[in-house]
Structures are given as structure tokens and as C-alpha cells.
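To start, the structure itself, in C-alpha cells.
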Amino acid sequence: MEDQRRTPGSQTSLREANRARIVDAIKKHGGLTQVELAGATGLSPATVSNIVKELSSSGLLHTAPSTRSGRRAQHVTLAHALGLFVGVHFSTRHMRIALADAAHTVVAEHHMPLAKDHRADNELDKTTLLLADMLDSVDASMQDLLAVGIAVPAPMDAETGTTARSGIMRGWDGVAVADVMERRLKRPVYVDNAANLAALAEFRLGAARGKRNSVTLDIGDGIGAGLILNGEIFRGHNGVAGEFGHTTILEDGPLCRCGNRGCLEAIAGGPALLDGLRDQLGSLKLNDIVLRAMAGDPVSMRAIADAGRHIGVAAANLCNLLDPERIVVGGELSRAGELLLGPLRHAVERSIIVGRDLMPDIVQGQLGARAAALGAAIFAIDRVNIVPDDRSV
Amino acid sequence: MTMESAVADTEGATREPVLSLKGVSKGFGAVRALTDINLDIYPGEVVAIVGDNGAGKSTLVKILAGVHPQDSGTIMFDGQVVSIPTPTASRALGIATVFQDLALCDNLDVVSNLFLGREIRNGLSLDEEEMEQRAWSLLRQLSAKIPSVRIAVASLSGGQRQTVAIARSLIGEPSVVILDEPTAALGVAQTAEVLNLVERLRERGLGVLLISHNMADVQAVADRVVVLRLGRNNGDFHVADVSYEEIISAITGATDNVVTRRASAHAGSASAAAAAADASGTGTVESGITEDFRTHETPAPGTEENPQS
């Protein structure tokens, strides 16, 4: 251990830091020329050239000749010899698209806000165009793309490939997302519920690593749960398991968008929280509440704590039913950290049947807003068989 | 659900608008470009102005930017009545305007463009180092994808140029940023960049006035949508409770506006429908809609008439 410690100020540590800088800059921009790299990192062109040469011979980077402003230049991207996979996450108000290689390294990423009640055709068009643009930025073509995973914030009917219940995403009703997207991209497309894919990502790369029985809660505008049971995503008979947000916690509670009364989502979901705060704080987005709460605004803190308590009641039921080893809390609201988790944990403790020592630990997700997009990419990677000979360069 | 969301809700109770227009009118000769426009912008809020061609969007921007002063009406900034006779006055108040053509110098690099006219001096010479550092920190705060600040603006993409123009507007620490058609003529990836940027401005607590034709973009980032039609206010919606179709119907004039509602309030409930149809000049087909409207929103006309309350 002793000799592995970094020695600050030494040539080696400086070189290491410079390498990291270059890789970070390429990750951020997708691809850059060496001259641009020098500008973006503040390193001298000679250093950039040396490090790029070193990293491309070790297989981490890939260089290709190109031109910038009429001059010859070296376009540097992360290497993606095996091919690329893309994960797309549509949430109610956002779209995130991550381009990753087979080793789960994200080589390019984009996100954009979406309109309320966005429509499938518009958004899938946008995705296709964005994807083409991203492939271009990492110096790859559609041929390098092996598969596409899409995360949708609604339960998917495994048989028809459409959302399992109309009205949850009004603009996507009756659209067989995978088929439609396959026709646009001519690549295999796999679609699943965003909560399932967020759970998959947390299980493989995040806070639930190594926990073969875990639940990932996705708490944002909607509330969902991804169940990992015996190391596999549990989808149920029809593929719609994990509709955690629509468990009834108040028999005569407020009307939910699903048509029932007293669903968790109608009480602790994003729109319900925002409606409750509107009289005091005006029109806000969920993110504003999280930021305000973290800055110490008592009204927002209270709203988040209340949401945590309600979610905790439902989570306790879930724990009694499934006995998971760990509960990972992800989604937009989870950025509030202990403001949400504290009351949630407390409510679980109160209603769970087993003793304290057998209670699952409740932790914040590690992948943040990217979880579902990464999960979608992992889902696509899992579904495709990579034959090395096929794609050798 | 009512057709139009309540405009004058409790928002004003706890917060003061940073910029507020009351009864602003502007004419060019015989043309009434704007009549009696009311508009409030709160800090940390994105307000989109939409409307057909000739609705008066650009005139409104020009009044706020100090290009043309208004003929009548008041503009309040931070609770003070102000006049904006020149672009310099607008900028000095803290209103930054990014025009559609961006007004960047193609042959200069990003740093020079950002600090054009506001160069940081170090004695007699320019403090290039300080400017470059401030440029980087600003672009980083906006998560801008600009590879280098020392390349000429001519070699940047449309979205990157928009980013530079927006970043430039932030140099003077404004409290309101006006973006005129920021996503027109941009590809999807660049549009995504600009929309993210608008969200970032919002997070910084700035009031953002967004002029756009693209309803998807407007609905993606705006908190409120203000519809102008033929130089008048024709609706003020919270994005959270309005549908795409309702905004379009306000833009095209298929639904009621301030004038008809005011007329119906004056005329009393018995003759209101007739008066409304009369005042708006709508035919018999629309009068049914107007009638429907009135019954849905009895409190709305009163609040609309006196937005201060």
C-alpha cells in the first residue's frame, strides 16, 4: 500500500493527473482534435501529443486524421473497438441518452428537457438525430452501433411492446416503441420500464452491487421500483411488476392519474408535492424543491420529509413481502439525501416486521440521474452476443 | 379543469416580480404594434412569449432592450418605475438581451467576444489572462461544450455560438435575460444544449424571457407561457396545467382574451355573452365558446383587471 500512495508534486503524479485531464475532456466533448484538447485542458500541445500517443498505443484512445479550419488535425476519441451501445432514458420531463462501449464506459452523453406530455413520434425522431450526431462526434458510424436500450417511465406490456396501461404516458399510448425505433435505426432495440433499468444499473455498477436481492426505488415525477430478486430483474407474469407508486396507502386519498384513489404517487409523487407547495412558493420544478430544501428552506424540507414518510410506509410493506437485502433510493428527489432518506428509514423501521438487525439498509443511489440511461445501455449490452472475430479491426 | 389556468394566483403574495410591465403600448405611425401589454417576470422563472408573426413579440423585446421606448405604460424593475431610453440604460438596469442574430464578431475569438466593450484592463494593456480565466469559469458554470476559448467564433457551431452569446450577456451580472428565438435554425443536439442552458440560467435565479415559435421547446423549459395576439395579451398560462392545444388556440385567437373578458365583466352576467362576442368581433360560432368560458371562470375577469391585487 505504501508505495502505491501518490506522491504529490512528483513528475509521475503530474503525468497521471494530465492523463486524467485529457481523458475527462474527451469524455465531456465526445471527441476533440489534439489542438482543441490543448485548449480545453490547458496543457501544452507537446504534452497532449505525447499523452495521446501513449494512451492510444495502450488501446484507451483512438485517433483518426481529420481537418479543422482547413488544417490537418488528429481527431481523438475513446476507443470503441467492440462496437457501441446506446441507452436512452425518457422521463416525464427529460430525455437522457448515453453512448457506451461494451465495457460500460460512457463515451458520449446528452440530455435535454422535454415538454410535458411529450409525444412518442417527436421524441423518437429527436433521439435518432441526437444519436447520429453523437456517433459522429466520437468518430463512429451507425455500423458501430450494436444495440439500443430504451427506458420508459411506464410499465411495458411484454406481449404487445406498448405501455401496459393507457393514460400513464398520454403521448406514447399504443406505440410499440421497440418496433418503431427498430424501423428508424435498423438496429435491435430493447425497451423496458425505467425503474427496472435503474435497478439493473445500480445492481451492476452502483449502490446495489453484489446484493442479489435488492430493490431500487425511483422517486421523481413518478414513483417506481425495480426489483432484483436472486440476481435477476423480476418482471412478473406480464412484465409489469414493481408498480410501487400505485400501491394504495390511503384508502380515500386523492385521485391518482391511474384512476384509483390514495396511490403513493398521488400523495408523494412530484406533481402532488408541487401542488402542495404552490400556494406558498409559486410554480416550481421538483429540482427547485430539492435545491431549496438543501439550502435550508423549512417548507421544502417539510414537503420532502413528508414524502419520505409516505414512501417509507409503502416501502415497509414491500420489505415485509420481499425481504430485500438493500433498498436503493434513486430518482430526482433522492438528491435531497438524508432529508428524504431519514424520514423514509424511520417509517420503515416502524412498520417492518423483522427486528432492527434484519432490516434492509436504505441508501442513496450512486448513479444519480444517469441510472436509467446506463441501465438501458447495460440491458442492450446483455442482449447482444459479441463475437470478437466478427468485429475485429 | 378550466380551459385557462388561473393567472393571478398566489404567486405575488410571497415574491416580487423582478420585471413588471403595466399597460405598455407602442405604435409606429398608424400601426399599433402593442396595446396595453401586462407582463410580470419573477426571479428564477422562465417566461415564454409566443404568438404568430406580427403579434408584437419583437417590439416587446425591443422596448425592454432599449431600442424603442414605449409610448405609454410603465415598466417596473425591482419595484422601481424605470424608463429604458437606450440599450445602455437597459444593460445598466440588469437586462441582458440576446438577439436572434447574436451580434457576435466572427473574426474574434471567444474571449474577445465575451468581453467586447467591457475588457478588463491591467494598466494600459488588456489583462488577457484574467479574461481567459473568467471566460473559462463562466463557460464551465454553464456546462458549455466549447473546446477552446481561443478559436474564432466563425469556427463554432450554431449551438456553441448561441452559448457564447448567452455567456456574454451574463458578464454584466444581469437579473433578467431575454433570449430572442434562441433555438431557431439549430439542430437537435444544439437545441438540447441551449435548452439545458436556459435551465441553468433559471437555476442561477435569473428571470428569463424566452421568445420562441417552437412549442415543444417552450413547453420543455418555460414555467409560464404568455400569448400575444395582434399586439395584445391573449392568455397567460402555467405550463404545468395547460395543453399544447390550448396554447395554440390562444395564439390563433380561437379562445377568448383579456378584452372580451373585461367586456363581459362590465356588462354583467345577463348580457355578458353578447357583449363578449361583440367586443371580440367573433362570430356566432365562437360566442358559444366564450359563453362556456365565462361560466368556468367567474373570478378570473376581476383578478385580471387589477393584477396588482
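Could we say that A:Glu232 is under 19 Å from the mean Cα position of the chain (by Cα) and farther than 15 Å from A:Gly365 by Cβ here? Spell out how you get there, then give the answer.
Details: under 19 Å from the mean Cα position of the chain (by Cα): yes; farther than 15 Å from A:Gly365 by Cβ: yes.
Taking the combined requirement at face value, the residue satisfies it.
Looking only at the stretch B:223-250, filter to residues that are among the acidic types (Asp, Glu) and within 11 Å of chain A (Cβ to nearest Cβ); which one of those is surrounded by the fewest Cβ atoms within 10 Å (Cβ to Cβ)?
If we filter the stretch B:223-250 for residues that are among the acidic types (Asp, Glu), which is where we start, we get B:223, B:236, B:241, B:245-246.
When the remaining residues are screened for being within 11 Å of chain A (Cβ to nearest Cβ), the result is B:223, B:241, B:245.
Working: B:Asp223: 21, B:Asp241: 16, B:Glu245: 9.
The qualifying residue surrounded by the fewest Cβ atoms within 10 Å (Cβ to Cβ) is B:Glu245.
From the list A:Ala132, A:Ala151, A:Ala103, exactly one residue is assigned by TED's automatic domain parsing to the domain that holds A:Ile168, touching a residue at least 60 places away in the same chain (Cβ under 8 Å) and not hydroxyl-bearing (Ser, Thr, Tyr). Which is it?
On the way: A:Ala132 fails: touching a residue at least 60 places away in the same chain (Cβ under 8 Å); A:Ala103 fails: touching a residue at least 60 places away in the same chain (Cβ under 8 Å).
Only one candidate passes the filter, namely A:Ala151.
This table checks each residue for (1) touching a strand residue (DSSP E or B) at 6+ places or on another chain (Cβ under 7 Å); (2) free of Cβ contacts under 8 Å to residues at least 12 places away in the same chain; (3) surrounded by fewer than 20 Cβ atoms within 10 Å (Cβ to Cβ).
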residue	(1), (2), (3)
A:Cys319	no, no, no
A:Glu325	yes, no, yes
A:Gly330	yes, no, no
A:Gly337	yes, no, yes
A:Gly355	no, yes, yes
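Can you give me the number of residues within the stretch A:109-130 that are more than 8 Å from chain B (Cβ to nearest Cβ) and at positive phi?
Result for the stretch A:109-130: 0.
If you check B:Ala220, B:Ala254, which single one turns out to be without any contact (Cβ under 8 Å) to a residue 40 or more places away in the chain and facing another protein chain (nearest Cβ under 8 Å)? Talk me through it step by step, then tell me what you get.
Values: B:Ala254 fails: facing another protein chain (nearest Cβ under 8 Å).
Exactly one of B:Ala220, B:Ala254 is without any contact (Cβ under 8 Å) to a residue 40 or more places away in the chain and facing another protein chain (nearest Cβ under 8 Å), namely B:Ala220.
For the stretch B:31-72, which positions are surrounded by fewer than 20 Cβ atoms within 10 Å (Cβ to Cβ), over 24 Å from B:Ala250 (Cα atoms) and hydrophobic (A, V, I, L, M, F, W, C)?
B:Val67
Considering only the stretch A:206-247, how many residues are touching a helix residue (DSSP H, G or I) at 6+ places or on another chain (Cβ under 6 Å) and either part of a loop (DSSP other than H, G, I, E, B) or assigned by TED's automatic domain parsing to the domain that holds A:Lys116 (or both)?
6
So A:Pro45 fits all but one of (1) farther than 30 Å from B:Asp241 by Cα; (2) within 14 Å of chain B (Cβ to nearest Cβ); (3) crowded, with 16+ Cβ neighbours inside 10 Å; (4) not hydroxyl-bearing (Ser, Thr, Tyr); what number is the exception?
It fails just one condition, (3).
Restricting the search to the stretch B:105-144, which residues are within 13 Å of another protein chain (Cβ to nearest Cβ), surrounded by 13 or more Cβ atoms within 10 Å (Cβ to Cβ) and part of a helix (DSSP H, G or I)?
Residues satisfying the conditions are B:Val110, B:Val111, B:Glu132, B:Gln133, B:Ala135, B:Trp136, B:Leu139.
Would you please name the residue that is nearest to the other protein chains (Cβ to nearest Cβ), looking only at residues in the stretch B:200-210 that are crowded, with 21+ Cβ neighbours inside 10 Å and either over 18 Å from B:Ser20 (Cβ atoms) or aromatic (Phe, Trp, Tyr) (or both)?
Initially, the stretch B:200-210 is screened for residues crowded, with 21+ Cβ neighbours inside 10 Å, giving B:201-202, B:206-210.
Narrowing the set further to residues that are either over 18 Å from B:Ser20 (Cβ atoms) or aromatic (Phe, Trp, Tyr) (or both) leaves B:201-202.
Values: B:Leu201: 13, B:Arg202: 8 Å.
Looking at residues that are crowded, with 21+ Cβ neighbours inside 10 Å and either over 18 Å from B:Ser20 (Cβ atoms) or aromatic (Phe, Trp, Tyr) (or both), I get B:Arg202.
Just to check your reading of the model, which residue among A:His94, A:His104, A:His118 is in contact with a strand residue (DSSP E or B) (Cβ under 7 Å, 6 or more places away or on another chain), under 27 Å from A:Leu333 (Cα atoms) and either of a type outside the set (D, E, K, R) or surrounded by 22 or more Cβ atoms within 10 Å (Cβ to Cβ) (or both)? Give the derivation first.
Numbers: A:His104 fails: in contact with a strand residue (DSSP E or B) (Cβ under 7 Å, 6 or more places away or on another chain); A:His118 fails: in contact with a strand residue (DSSP E or B) (Cβ under 7 Å, 6 or more places away or on another chain).
Within the list A:His94, A:His104, A:His118, the selection yields A:His94.
Could you check how many residues of the stretch B:33-53 are of a type in the set (Gly, Ala, Ser), within 14 Å of chain A (Cβ to nearest Cβ) and on the phi < 0 side of the Ramachandran plot? Working first, answer last.
If we filter the stretch B:33-53 for residues that are of a type in the set (Gly, Ala, Ser), which is where we start, we get B:33, B:44, B:48, B:51.
Then drop every residue that is not within 14 Å of chain A (Cβ to nearest Cβ), which leaves B:44, B:48.
Filter once more, keeping what is on the phi < 0 side of the Ramachandran plot: B:48.
Residues that pass the stated criteria total 1.
State all residues of the stretch B:4-56 that are within 18 Å of B:Val176 (Cβ to Cβ), at pLDDT 90 or above and among the basic types (Lys, Arg); if no residue qualifies, say none.
B:Lys22
Confirm whether A:Ile267 is in contact with a His (Cβ under 7 Å, 6 or more places away or on another chain), assigned to a helix (DSSP H, G or I), of a type outside the set (Gly, Ala, Ser) and on the phi < 0 side of the Ramachandran plot.
Details: in contact with a His (Cβ under 7 Å, 6 or more places away or on another chain): yes; assigned to a helix (DSSP H, G or I): yes; of a type outside the set (Gly, Ala, Ser): yes; on the phi < 0 side of the Ramachandran plot: yes.
Considered against the rule, which asks whether it is in contact with a His (Cβ under 7 Å, 6 or more places away or on another chain), assigned to a helix (DSSP H, G or I), of a type outside the set (Gly, Ala, Ser) and on the phi < 0 side of the Ramachandran plot, A:Ile267 comes out as yes.
Which one is farthest from the other protein chains (Cβ to nearest Cβ), of the residues in the stretch A:18-42 that are part of a helix (DSSP H, G or I) and among the β-branched types (Val, Ile, Thr)? So that I can check it myself, show each step before the final result.
Pass one, the stretch A:18-42, residues part of a helix (DSSP H, G or I): A:18-29, A:34-41.
If we keep only those that are among the β-branched types (Val, Ile, Thr) too, we end up with A:22-23, A:26, A:35, A:41.
Values: A:Ile22: 13, A:Val23: 15, A:Ile26: 11, A:Val35: 8, A:Thr41: 10 Å.
The qualifying residue farthest from the other protein chains (Cβ to nearest Cβ) is A:Val23.
Here are some conditions: (1) outside any helix (DSSP H, G or I); (2) over 24 Å from A:Met112 (Cβ atoms); (3) within 14 Å of another protein chain (Cβ to nearest Cβ). B:Pro147 meets all but one. Which one does it not meet?
It fails just one condition, (2).
Among the listed residues A:Arg356, A:Arg326, A:Arg345, identify the single one that is under 12 Å from A:Leu217 (Cα atoms) and not hydrophobic (A, V, I, L, M, F, W, C). First the steps, then the outcome.
Numbers: A:Arg356 fails: under 12 Å from A:Leu217 (Cα atoms); A:Arg345 fails: under 12 Å from A:Leu217 (Cα atoms).
A:Arg326 is the lone residue from the list that is under 12 Å from A:Leu217 (Cα atoms) and not hydrophobic (A, V, I, L, M, F, W, C).
Return a yes/no flag: does the stretch A:78-87 have any residue that is surrounded by fewer than 21 Cβ atoms within 10 Å (Cβ to Cβ), touching a residue at least 60 places away in the same chain (Cβ under 8 Å) and under 19 Å from B:Glu193 (Cα atoms).
no
Evaluate the following for A:Arg72: is it surrounded by fewer than 23 Cβ atoms within 10 Å (Cβ to Cβ), more than 30 Å from B:Gln219 (Cα to Cα), within 11 Å of chain B (Cβ to nearest Cβ) and basic (Lys, Arg)? Write out each step before concluding.
Details: surrounded by fewer than 23 Cβ atoms within 10 Å (Cβ to Cβ): yes; more than 30 Å from B:Gln219 (Cα to Cα): yes; within 11 Å of chain B (Cβ to nearest Cβ): no; basic (Lys, Arg): yes.
Spelling it out, it is not the case that A:Arg72 is surrounded by fewer than 23 Cβ atoms within 10 Å (Cβ to Cβ), more than 30 Å from B:Gln219 (Cα to Cα), within 11 Å of chain B (Cβ to nearest Cβ) and basic (Lys, Arg).
Check A:Ala266, A:Ala293 and return the single one that is crowded, with 23+ Cβ neighbours inside 10 Å, away from chain B (no Cβ under 14 Å), over 21 Å from the mean Cα position of the chain (by Cα) and closer than 18 Å to A:Ile168 by Cα.
Checking each option against the conditions leaves just A:Ala266.
Looking at (1) free of Cβ contacts under 8 Å to residues at least 12 places away in the same chain; (2) in contact with a Cys (Cβ under 9 Å, 6 or more places away or on another chain), which is the one condition that is false for B:Arg140?
Going through the list (1) free of Cβ contacts under 8 Å to residues at least 12 places away in the same chain; (2) in contact with a Cys (Cβ under 9 Å, 6 or more places away or on another chain), B:Arg140 breaks only (2).
Taking the stretch B:157-194 only, how many residues are surrounded by fewer than 19 Cβ atoms within 10 Å (Cβ to Cβ) and among the polar types (S, T, N, Q)?
Looking only at that region, the number is 2.
Quick check: is even one residue across the stretch B:169-182 within 11 Å of another protein chain (Cβ to nearest Cβ), out of contact with any Leu (no Cβ under 7 Å at 6 or more places or on another chain) and not in a helix (DSSP H, G or I)? Lay out the reasoning, then the answer.
From the stretch B:169-182, those within 11 Å of another protein chain (Cβ to nearest Cβ) are none; that's our starting set.
No, because not a single residue in the stretch B:169-182 is within 11 Å of another protein chain (Cβ to nearest Cβ), out of contact with any Leu (no Cβ under 7 Å at 6 or more places or on another chain) and not in a helix (DSSP H, G or I).
Could you give me the residue pairs with C-beta distances under 8 Å whose first residue belongs to the stretch A:58-71 and is free of Cβ contacts under 8 Å to residues at least 40 places away in the same chain and within 13 Å of A:Ile22 (Cβ to Cβ), whose second residue is surrounded by 10 or more Cβ atoms within 10 Å (Cβ to Cβ) and of a type in the set (Gly, Ala, Ser) wherever it lies, and which are 6+ apart or on separate chains?
Partner pairs satisfying both residue conditions: A:Leu60/A:Ala79; A:Leu61/A:Ala79; A:Thr63/A:Ser56.
Report every pair of residues separated by at least 6 positions or lying on different chains whose Cβ atoms are under 9 Å apart, first residue within the stretch B:154-171 and free of Cβ contacts under 8 Å to residues at least 12 places away in the same chain, second in a helix (DSSP H, G or I) and of a type in the set (A, V, I, L, M, F, W, C).
Final answer for the pair search is none.
The values are calculated or read from the model by the stated rules, or taken from the named source; none is laboratory data. Keep in mind that this is a model prediction, so the values were computed, not measured. All Cβ positions, even for glycine, are placed from backbone atoms using ideal geometry, and neighbour counts span all protein chains on display.
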